[in-house]
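Remarks on the structure that follows.
Values quoted throughout were computed directly from the atomic coordinates according to the rules given, and no laboratory measurement underlies them. Everything numeric here is computed off the predicted structure, so don't read it as measured data. Cβ coordinates were reconstructed from backbone atoms using ideal geometry, including for glycine residues, and neighbour counts include every protein chain displayed.
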């Protein structure tokens with residue numbers, strides 16, 4: 001059997017993350033897959049809330065200072081490597097992803113030999129729920145078009161944080177996730193691009209993305225700075241500026 005770690009990453013998402021935890025604990029994967037939350041130096045009581053679930057098998061690592069989502073994902077990767085996991089699943093900490101769909105990401109890796117499975121809200125039907133902001137509708141369509149163009153492989157949803165990958169990917173020295181410019185939103189499109197271009201086995205899987213009530217906040221991403229953060233890996237890698 002493959003050893004699987006599920007890891008939401010979150011900063012100041014106390015209310016939504018608590019629901020994320022509860023949904024996972026009720027899912028079929030509780031007790032089968034391990035669960036680690038990476039807390040990116042939250043200050044809203046999230047850290048204390050997570051600690052309340054320790055007796056139910058919820059593990060956590062906390063950054064002492066805020067480092068960014070890319071750095072939080074890297075922390076999860078390094079923990080998974082150190083503890084000999086085979087597969088890592090990354091989920092949003094803001095309750096947009098459905099834990100009952102985890103197998104859609106892990107099965108192609110465990111059973112079919114995939115190296116990275118990207119969740120896509122644009123495969124299948126009814127992949128988006130709630131009130132998705134208009135600018136996100138545009139941006140989440142544009143980014144995969146650009147990635148498809150420069151990578152030579154059609155991708156329908158490159159900004160969806162719900163994905164899984166085989167940890168042995170990082171034995172490939174051409175994938176360097178320790179670069180400091182990957183600390184924010186850059187790491188996710190960087191990894192997706194490198195997996196495709198280097199010929200590792202990749203596929204997408206249909207998942208849902210449910211946007212929470214507006215009063216709870218949509219995202220921590222700031223429209224201009226955040227979207228430049230996910231766009232620049234495509235520019236840098238496409239032009240050969242970065243490796």
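Observations on the structure shown:
- Ordered by the number of other Cβ atoms lying within 10 Å of each residue's own Cβ, fewest first, 137, 22, 125 fall into the sequence 125, 137, 22.
- Ranking of 101, 188 by neighbouring Cβ atoms within 10 Å, starting from the fewest: 101, 188.
- Computed [θ] at 222 nm, helices only, for the chain once each DSSP H run of length n ≥ 4 contributes -39500 (n - 2.57): -11000 deg cm²/dmol
- Tensor-based shape of the chain (alpha-carbon gyration tensor, a/c under 1.5 rounded, otherwise prolate or oblate): rounded
- Between the stretch 162-210 and the stretch 96-110, the Cα center-to-center distance that results, in Å: 16
- Global form of the stretch 14-124, assessed from the alpha-carbon gyration tensor, a/c cut-off 1.5: prolate
- Most fluctuating residue given options 183, 112, 157, as computed from a GNM of the chain linking Cα atoms under 10 Å: 112
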